[in-house]
Amino acid sequence: PAAALAAALVCVLAVGWVGAGFVTGAGHWAPRRGACGRVGAGAASVSRLAVGDVAPAKDSLKQPLLQRTLGDVAAAVSYPYRLMRLSQITKDLVREVIEQRRAEGQPSGSGSSGASKTLKAFLPSYVKSHAAARTSPEAFREFMNTTLRLVIDSVTTEAPFEFDPFHKAIRGPDVDHYAWGNNFFKSMVKFRDSRVEGMDSVEAIKKQLDAGDNVVLLANHQTEADPQVLSLLLALSGDESLAERTIFVAGHKVTSDRLTIPFSMGRNLLTIFSKKYLNDFDEEEKEAKSARNRETVTEMQRLFNEGGNIFWVAPSGGRDRRTGDGGRFKPAAFDHQSVGLFFLMGQKAEKAGHAAHFYPLAMWTHGLVPPPEGTQASVGEARSAKRSPVAIEFGPELVAAEVGGRKGMPAAAEAAVNAHYDHLDKIMR
């Protein structure tokens, strides 16, 4: 036994993995077993990084108890060294990128702009998250090199990326923005304490999509990382493809803020200007934004009529905020007209043979990149990184005939999301 223990410790020290379990919708721990193996020694592309080189602590879900216990010990002992290595790599990369851009006559993004200050404030805590998640120095260098170049290009370009009313995720050829975005937030998620509830609904959704029906996820919204959280958590049960194909209704801040644009490029989006913020524009610009919204609605109806699509929408039109009750977050009030619009589109598509199914989705994600205080947020807002558990809960389908049809659906959806969120909040706090 002593020899076996020593061998296991050597293996874990070499690998640096940690163990955990995954909570299914039924509330059972389901640890995934796996052999001790070597974490990737570098990566040639962002798509390669998608297979687990970044934040390998996530893969601890595959390990038995002994290996994960030994991994915890090894990780605690080696954390200061890993943090020192990754911090130095970050400093070197920032210097290299800035020097190269200056040599090429390009802006470096190293000035005193709001985006530059935000990035400088964000990086130290973000590097710590990778040290805690056991990203290897080689994989970290490759990933951060891509990250810094993507972000600095976005911040300094004269003409930022323009999103169509319906934007399809950019998956190459140079950068797989979808995989990169997921990897960016992977190190910040404490998978051991994270939860996915309502897997019965996930199974029902997959069958309905396979049949050519449409699905609408009516959700609360807490952080800009919500799309990536959906991918990361559903990947634990082998259902990442569901998040990968989801079309997110996205407000103008995530398509116009220079720091969020690279992440938004990796998701399927229906881009809108939220009614909550339309009054911030003058009359001429307000009309132009409203016209753009009408184009998006046209695209949305086309996608409904096409069938087999899944949509994610936050009917509140913005992120949740603290209520003041012990710092608790509470789902923001739904705009009932927004829910009604999706219901009407579903009815129109049903005449073409594609039924629409509505599901409540509660998201407990505010710990990752907390929203600012107050109800209004501006483009270029300050951001902070924090490792945190996250959780999502799918509720049973909201059947129109049972909730009062189009008139009853908005209130029923809002009540369901609040009830499922309260359940998550009780088990996560």
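The values are calculated or read from the model by the stated rules, or taken from the named source; none is laboratory data. Remember, predicted model here, so these are calculated numbers, not experimental data. Because the Cβ atoms are built from the backbone with ideal geometry, glycine has one as well, and the counts that use them run over all protein chains shown. Just so you know, the surface numbers come from the protein's heavy atoms only, side chains and all, with ligands and any DNA or RNA stripped out. Shrake-Rupley method; radii C 1.70, N 1.55, O 1.52, S 1.80 Å.
Surrounded by 15 or more Cβ atoms within 10 Å (Cβ to Cβ), without any contact (Cβ under 8 Å) to a residue 40 or more places away in the chain, assigned by the TED database to the domain that holds A225 and closer than 26 Å to I170 by Cβ: is that true of I310 in this structure?
No: the conditions fail for I310.
For the stretch 248-267, which residues satisfy the criterion of being open to solvent by 30 Å² or more (accessible area, probe 1.4 Å) and part of a strand (DSSP E or B)?
Those that are open to solvent by 30 Å² or more (accessible area, probe 1.4 Å) and part of a strand (DSSP E or B): none in the stretch 248-267.
I'd like the full set of residues that are touching a residue at least 40 places away in the same chain (Cβ under 8 Å), open to solvent by 20 Å² or more (accessible area, probe 1.4 Å) and part of a loop (DSSP other than H, G, I, E, B), limited to the stretch 320-333.
Selection gives R328, A332, A333.
Taking the residues in the stretch 149-193 that are part of a helix (DSSP H, G or I) and acidic (D, E) as candidates, determine which candidate is surrounded by the most Cβ atoms within 10 Å (Cβ to Cβ).
D153
Filter the stretch 237-246 down to residues that are more than 13 Å from the chain's Cα centre (by Cα) and either assigned to a helix (DSSP H, G or I) or buried (at least 21 other Cβ atoms within 10 Å of the Cβ) (or both), then give me how many there are.
Count: 3.
Among the residues of the stretch 74-106, write down those that are of a type in the set (D, E), over 12 Å from R149 (Cα atoms) and open to solvent by less than 80 Å² (accessible area, probe 1.4 Å).
Correct list: D92 only.
Can you work out which of the residues in the stretch 249-281 that are modelled with pLDDT under 85 and either assigned by the TED database to the domain that holds D153 or among the charged types (D, E, K, R) (or both) is farthest from P227 (Cα to Cα)?
D280
Could you grab me the full set of residues in the stretch 396-429 that are assigned to a helix (DSSP H, G or I) and open to solvent by 50 Å² or more (accessible area, probe 1.4 Å)?
Selection gives A401, E402, R406, K407, A411, A415, A419, D422, H423, K426, I427.
Which residue is nearest to P410 (Cα to Cα), if the candidates are limited to the stretch 384-400 and must be touching a Leu at 6+ places or on another chain (Cβ under 9 Å) and among the aliphatic types (A, V, I, L, M)?
Applying the filter and picking the extreme gives L398.
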